[in-house]
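Peer 1: The structure's right below; bear with me while I get my questions together.
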Amino acid sequence: MEFECIIVEAKDKVGLITLNRPKALNALNDQLMTELGHALKSFDKDEAIQCIVITGSEKAFAAGADIAAMANYTFMDTYKEDYITRNWETIRQIRKPVIAAVAGYALGGGCELAMMCDFIIAADNAKFGQPEIKLGTLPGAGGTQRLPRAISKSKAMDMCLTARMMDAVEAERAGLVSRVVPLDKLMEETLTAANTIAGMSLPIIMMIKESVNRAYETTLSEGVHFERRLFQASFGTEDQKEGMKAFMEKRPAAFKNQ
Ligand code: CO8
């Protein structure tokens with residue numbers, strides 16, 4: 001597929017997707033979301049790729065869903081035809097880790113897209129917000145559901161109801177982002193993290209992602225049970241034998257993804 005709204009590159013074992021609609025601050029229109037879905041699925045299938053990074057520009061990760069594109073939709077367009085929402089869930093099917101590298105604005109759907117990633121590394125100029133209330137609507141891609149889980153009900157209510165933006169320092173303090181780095185180090189730090197992950201065993205990476213995500217979908221005892229089964233399953237892999245042998249032989253492990 002030819003991409004017009006994103007740039008897709010493979011950097012060693014890391015698949016890098018750059019949102020690229022600079023004139024609209026990477027507003028997420030239907031074409032961009034379709035292209036993003038294709039790129040994500042294709043990296044997920046690509047045996048050479050072990051981790052994926054989504055980023056934007058220095059000014060905006062994404063300033064939200066494309067307001068101009070959706071301004072005149074009717075309820076029937078959005079409900080019956082499923083415009084706007086139809087291609088937003090693809091990212092949830094991706095089994096390899098997806099890191100969001102966020103600089104500048106991550107607003108509305110941009111904040112929601114970042115939260116759909118497995119973790120967020122933020123530049124010190126990052127700003128997160130759910131300003132949909134100012135447009136007479138509400139978050140539609142999980143903002144009201146993922147924000148309370150990420151940063152508490154009180155802060156989520158504050159952000160969704162007042163539309164105030166949260167800066168990178170507050171976002172890290174609140175647990176929305178895993179780390180904050182200087183803007184000029186954002187890609188270096190993110191690619192280092194992605195390469196660290198990519199150096200591990202892919203089946204184990206995938207099991208960890210699946211197990212952590214299970215924490216959001218089930219009770220603690222079910223989640224712990226699920227984790228236990230995957231932990232036991234890891235002993236059926238060659239990579240577990242290699243990882244533990246390498247530790248005892250005081251050498252780096254050479255994983256084979258088996
Ligand atoms: N959609 C379309 N165009 C946009 C958007 C957007 N979300 N954001 C910015 N742009 C465009 C502007 O219209 C402008 O275009 P032009 O130059 O042609 O006039 C260009 O980008 C630059 O923007 P500004 O001139 O406004 O730049 P500033 O630096 O002055 O301001 C802001 C930057 C603060 C980010 C400002 O642009 C802004 O407030 N943007 C809108 C933010 C917003 O409200 N986002 C929420 C959108 S609604 C949403 O995301 C719902 C999600 C539902 C997802 C459902 C799917 C499942």
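Every number here is computed from the coordinates shown, using simple stated rules; none is lab data. Because the structure is predicted, anything quoted here is derived from the model rather than measured. Here the Cβ is made from the backbone with ideal geometry for all residues, glycine too, and neighbour counts use every protein chain on show.
Peer 1: What does the net charge come to around V181 if you take all other residues with beta carbon closer than 12 Å to its beta carbon, with K and R at +1 and D and E at -1?
Peer 2: That works out to -3.
Peer 1: With label points built 7 Å along Cα→Cβ from the Cα atoms of E242 and R149, find their separation and express it in nm.
Peer 2: About 3.2 nm separates the two model spin labels.
Peer 1: May I ask what percent, to the nearest 5, of DSSP beta bridges between residues of the chain are antiparallel?
Peer 2: 25
Peer 1: Among A171, T192, P203, which residue has its Cα furthest toward the positive end of the charge dipole of region 169-215, with +1 on Lys/Arg Cβ and -1 on Asp/Glu Cβ?
Peer 2: Toward the positive end, the furthest listed residue is P203.
Peer 1: Length gain on complete extension for the stretch T34 to L220, per 0.36 nm per residue less the alpha carbon to alpha carbon distance?
Peer 2: 63.5 nm
Peer 1: Assign unit charges at the C-beta atoms only (+1 for Lys and Arg, -1 for Asp and Glu), then state the dipole size of region 114-229 relative to its Cα centre in Debye, rounded to the nearest 20.
Peer 2: The calculation lands at about 320 debye.
Peer 1: Could you point to the residue in F247, I54, I99 farthest towards the positive end of the chain's charge dipole, with +1 and -1 charges on the Cβ of Lys/Arg and Asp/Glu respectively?
Peer 2: F247
Peer 1: To test your reading of the geometry: what angle, between 0 and 90 degrees and rounded to tens, separates the Cα axis of helix 186-198 from the longest principal axis of the chain?
Peer 2: It works out to around 40 degrees.
Peer 1: Looking only at Cα atoms, what is the convex hull volume of region 163-249 per residue, in Å³?
Peer 2: Taking the convex hull of the Cα positions in region 163-249, it is 154 Å³ per residue.
Peer 1: Right, next: Please rank F119, F235, F255, F128, fewest neighbouring Cβ atoms within 10 Å first, as an exposure proxy.
Peer 2: F235, F119, F255, F128
Peer 1: Roughly what angle does helix 238-248 make with the longest principal axis of the chain, taking Cα atoms, 0 to 90 degrees, to the nearest 10?
Peer 2: Long axis of 238-248 versus the principal axis of the chain: about 70 degrees.
Peer 1: Give the order of T137, T55, T90 when sorted by the count of other beta carbons within 10 angstrom, beginning with the fewest.
Peer 2: Exposure proxy ranking, most exposed first: T137, T90, T55.
Peer 1: Give the long-range amide H neighbours of A60: residues separated by 5 or more places, or on another chain, with amide H under 5 Å away, using H modelled in the peptide plane at 1.01 Å from N.
Peer 2: Here Y105 satisfy the definition.
Peer 1: What list do you get for L28, L107 if you sort them by fewest beta carbons within 10 Å?
Peer 2: Result, fewest neighbours first: L107, L28.
Peer 1: Still on this structure, I have one more. Just to confirm the number: angle between the C-alpha axis of helix 30-45 and the first principal axis of the chain, 0 to 90 degrees, nearest 10?
Peer 2: The helix 30-45 is inclined about 0 degrees to the chain.
Peer 1: Helix-derived [θ] at 222 nm for the chain: sum -39500 (n - 2.57) over DSSP H runs of at least 4, divide by residue count, nearest 500?
Peer 2: -13000 deg cm²/dmol
Peer 1: Here is a further query. Quick check: convex hull of the Cα atoms in region 1-147, volume per residue, rounded to a whole Å³?
Peer 2: In region 1-147, the Cα hull volume divided by residue count equals 111 Å³.
Peer 1: Apply 1/(1 + (r/R0)^6) to the Cβ-Cβ distance of E4 and A233, taking R0 = 45 Å, and write down the FRET efficiency to the nearest 0.05.
Peer 2: The calculated FRET efficiency here is 0.60.
Peer 1: Can you work out the FRET efficiency for the pair K134 and N213, with r the C-beta to C-beta distance and R0 = 25 Å, to the nearest 0.05?
Peer 2: Efficiency, rounded to the nearest 0.05: 0.20.
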